Amino acid sequence: IALESDLRDAVADDEIVLHFQPSFAAADSALRGVEALARWTHPERGAVSPEVFVPLAEECGLIHRLGRHLLELAVRQAHQWSALPDFTVWVNVSGRELTPGYADSVLKLLAREAVPAHRIGIEVTESVLADEDVAVQELGHLHEAGVLVAIDDFGTGYSSLSRLNSLPVSLLKIDRSFVSEIETPFGYATVDVVVRLARTLGVETVAEGVETPRQLELLREVGVDLASGFFLGRPAAAQAGAPRIIQG
Ligand code: G
Ligand code: G
Ligand code: NA
Ligand code: MN
């Protein structure tokens with residue numbers, strides 16, 4: 001409960017900021033975008049994980065304000081990076097945020113900040129697409145307007161493969177649990193299946209959680225489009241000009 005009221009203040013006081021983790025084209029290591037990750041430094045408790053405060057915000061009705069705050073930060077940052085070619089800022093969005101009017105509010109924000117739709121991507125988990133018609137409609141509006149949509153942690157949740165073909169999706173994010181297993185026959189086959197499926201659907205794939213050069217090599221072999229992970233670049237605060245790249 002104390003944390004809940006602190007969270008209210010934190011949103012108002014800008015204690016919650018975004019860090020950005022780069023993603024690269026697997027084939028030639030060209031920088032292709034960043035994933036925005038929320039970071040809260042509590043004045044007494046120190047770092048509080050989004051795994052704690054995002055569910056808390058959902059429970060106490062703060063998720064719309066928190067989500068809006070983070071989206072504004074992401075869109076402003078996308079504007080700062082507008083000179084980078086083929087560059088998308090990906091934002092994690094909770095299913096709870098996807099209520100009627102969400103898409104319109106995002107499109108208004110993009111117009112206000114003069115950021116083209118394709119420079120922003122929305123990441124949602126499979127479960128959001130599985131059972132929430134309103135969420136799918138809102139994502140559909142955004143997708144039609146050119147905003148990119150990714151299914152996060154693909155392969156770990158309830159996935160209706162038959163429905164995938166009709167969902168407003170631009171990219172599948174292969175969960176890092178599969179990437180960490182890619183040196184096993186089953187792990188390799190899983191990544192391979194997702195890549196083939198994505199090709200058939202005409203969407204891109206990103207492998208997340210790449211931690212070793214061997215994993216990257218195997219991902220290239222399978223034909224994954226994009227890659228991110230600690231081996232390629234850690235989440236970091238935005239630097240002036242371009243995201244900090246530890247290894248490209
Ligand atoms: O960055 P980190 O590994 O701490 O993220 C933990 C979890 O919190 C991940 O599932 C991630 O998707 C989620 N998360 C991080 N930032 C945001 C955010 O801005 N909004 C939402 N809804 N979830 C986030
Ligand atoms: O659920 P989601 O995919 O949004 O989670 C993103 C989280 O994964 C981020 O919080 C980030 O800190 C974490 N992450 C990113 N790259 C790696 C990695 O290479 N290894 C591990 N263990 N975590 C990572
Ligand atoms: Na994500
Ligand atoms: Mn993920």
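The values are calculated or read from the model by the stated rules, or taken from the named source; none is laboratory data. Given the structure is predicted, the values throughout are model-derived calculations rather than measurements. Note that we place each Cβ from the backbone using ideal geometry, even for glycine, and neighbour counts take in every protein chain shown.
Quick notes on this one:
- Any chance residue 66 is more than 15 Å from ligand 2 (Cβ to nearest atom), under 24 Å from residue 175 (Cα atoms) and at pLDDT 95 or above: no
- Residue that is farthest from residue 106 (Cα to Cα) [pool: residues in the range 159-185 that are assigned to a helix (DSSP H, G or I) and modelled with pLDDT of 95 or more]: 185
- Index of the failed condition, residue 19 passing every other in (1) more than 19 Å from residue 97 (Cβ to Cβ); (2) in contact with a Lys or Arg (Cβ under 6 Å, 6 or more places away or on another chain); (3) of a type outside the set (A, V, I, L, M, F, W, C); (4) not in a strand (DSSP E or B): (4)
- Test: residue 57 is within 12 Å of ligand 2 (Cβ to nearest atom) and either surrounded by 14 or more Cβ atoms within 10 Å (Cβ to Cβ) or farther than 30 Å from residue 86 by Cβ (or both): no
- For residue 212: the one exception among (1) under 19 Å from the mean Cα position of the chain (by Cα); (2) over 16 Å from residue 20 (Cα atoms); (3) outside the structural domain of residue 33 (by TED's automatic domain parsing): (1)
- Residues of the range 215-234 that turn out to be under 22 Å from residue 19 (Cβ atoms) and basic (Lys, Arg), as a count: 1
Yes/no matrix, rows are residues, columns are (1) within 30 Å of residue 211 (Cα to Cα); (2) outside the structural domain of residue 31 (by TED's automatic domain parsing); (3) exposed (fewer than 15 other Cβ atoms within 10 Å of the Cβ):
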{"residue": "91", "(1), (2), (3)": "yes, no, no"}
{"residue": "95", "(1), (2), (3)": "yes, no, no"}
{"residue": "100", "(1), (2), (3)": "no, no, yes"}
{"residue": "104", "(1), (2), (3)": "no, no, yes"}
{"residue": "124", "(1), (2), (3)": "yes, no, no"}
{"residue": "140", "(1), (2), (3)": "no, no, no"}
{"residue": "149", "(1), (2), (3)": "yes, no, no"}
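- Residue among 205, 156 that alone is hydroxyl-bearing (Ser, Thr, Tyr), in a strand (DSSP E or B) and under 29 Å from residue 78 (Cβ atoms): 205
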